[in-house]
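The values are calculated or read from the model by the stated rules, or taken from the named source; none is laboratory data. These numbers were taken from a predicted model, which means no experiment stands behind them. Counting neighbours? That spans all protein chains shown, and the Cβs are built from the backbone with ideal geometry, glycine included. Accessible surface areas use protein heavy atoms only, side chains included; no ligands, DNA or RNA. Shrake-Rupley method; radii C 1.70, N 1.55, O 1.52, S 1.80 Å.
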Amino acid sequence: MQVRELRVLEEKWDYLIILDACRYDYFEKYYKFFLPGELEKRRTPASNTPRWRDANFPDYYEDVVYISASPMMSTEGEVYGYNAKDHFRHIHEVWKELWDNNLGTVAPIPLVNKALEIIGDYSGKKFIIHLLQPHAPYIFSGVRGYSSGDLSGKRKMLESENYRESKFLRRFFEKNKFKLRKLIRGHNQPDWVLRKILGLAPSGAMEAMWRKGGTQTLRNEYEKNLIAALASVRIFAEKAEGETLVIADHGELLGENGMYGHPEDSGSEILMNVPCLKINSKELKNEGDSSQAEEDDQQTVADKLGQLGYM
């Protein structure tokens, strides 16, 4: 069965919620614990956020309010060739205000609460709410992300100084990494392996998580991030009036055949097939009206969260 391409502006929605780097298979596994609705598998136009953004929003949008936890949407200059103010009249870079230095990211619940506040200031607009989760860093793992969300400035991994890396080995790596990469087989991130061997600090949160716990731990923490995102979407959808569509910009490779992340121009089905969920707002309201159903749902969710170490 052919998977239809997802062009977000051709879909019907009042609120478009983007889960960054959300895989279809993981979403399918957990969404029913939080959100009623009709799920489709759709094909995204790109395997990373900049290319996805460029493909979906090439023009100027007067009637769309973009609320973003992602620094990929910035009005202070071009980010990978794209300045958001050239495309959206109304953009809220909430990552500037809500960046949590204890986590190295923007947590999902503060984001949706801020989005609900912003929505109240507008009338007759459509809204895009861009969450960073389930993308790394993994907010329950203890592995922190970046010191800042600003992609134009100098930023570093929080706690990177704890690695006490050798200056000699750092210079050796930087000088010889192109040759050294050829020695690493079966891994699309050879620099992760090389930095680990040489005792150098990881360059990103996903690498740090992989080094700390391996592939299975990385997958478990990704699941927890997704569950946190879905719980936040539930909070938003219960309060927002209108049609809500939940999608992903792209998927995420979590060690399949030694592949990690979301490489540009990848044709991987894991990256290109994404969830598209139209929330059934009527069913959502009915659930809220039924105290017994709510109690049952909370118990089911609590059981699942407990299994994952979330509670």
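A few comments on the model shown:
- Distance between the pseudo-spin-label points of Ser203 and Asn286 (7 Å out from Cα toward the beta carbon): 5.2 nm.
- Among residues other than Thr244 with Cβ under 9 Å from its Cβ, the summed charge is -1 (Lys and Arg +1, Asp and Glu -1).
- Taking 7 Å steps out from each Cα toward its Cβ at Arg219 and Glu40 produces label points 2.9 nm apart.
- Cα gyration tensor shape of the chain, rounded if a/c is under 1.5, else prolate or oblate by comparing a/b with b/c: prolate
- Dipole of the chain, positive end: most advanced residue of Asn113, Pro190, Tyr24 [Cβ charges, Cα centre]: Pro190
- Each peptide in 247-255, 113-121, 87-95 receives the mean, over its residues, of other Cβ atoms within 10 Å, and ordering these scores from highest gives 247-255, 87-95, 113-121.
- Ligands, DNA and RNA aside, Thr217 has an accessible area near 50 Å² when probed at 1.4 Å.
- Heavy-atom accessible area for Glu241, with the other protein chains in place and a 1.4 Å probe, reaches approximately 140 Å².
- Gain upon complete extension [Lys196, Leu98; 0.36 nm per residue less C-alpha separation]: 32.1 nm
- Think of region 1-138 as a dipole: +1 on every Lys or Arg Cβ, -1 on every Asp or Glu Cβ, centred on the Cα centre; then among Val8, Asn101, Gly81, Val8 lies furthest on the positive end.
- Area of Arg219 that stays accessible when all protein chains are in place (1.4 Å probe, Å², to 10): 60 Å²
- Taken about its Cα centre, the chain carries a charge dipole of about 1960 debye when Lys and Arg each add +1 at the Cβ and Asp and Glu each add -1 at the Cβ.
- Share of carbon and sulfur in the accessible heavy-atom surface of region 140-232 [1.4 Å probe, %]: 52 percent
- Positive-end residue of Ser166, Phe140, Leu271, charge dipole of the chain with Cβ unit charges: Ser166
- Per residue, the accessible area of the chain comes to 48 Å², computed with a 1.4 Å probe over protein heavy atoms only.
- Our estimate of slack between His187 and Arg211, defined as 0.36 nm per intervening residue step minus the Cα-Cα distance, is 7.3 nm.
- Label point distance in nm, Glu174-Glu28, each placed 7 Å from Cα along Cα→Cβ: 4.6 nm
- Contact order relative to length of the chain, as percent, for alpha carbon pairs under 8 angstrom and 6 or more apart: 30 percent
- Antiparallel bridges, percent of DSSP beta bridges restricted to the chain (to nearest 5): 40 percent
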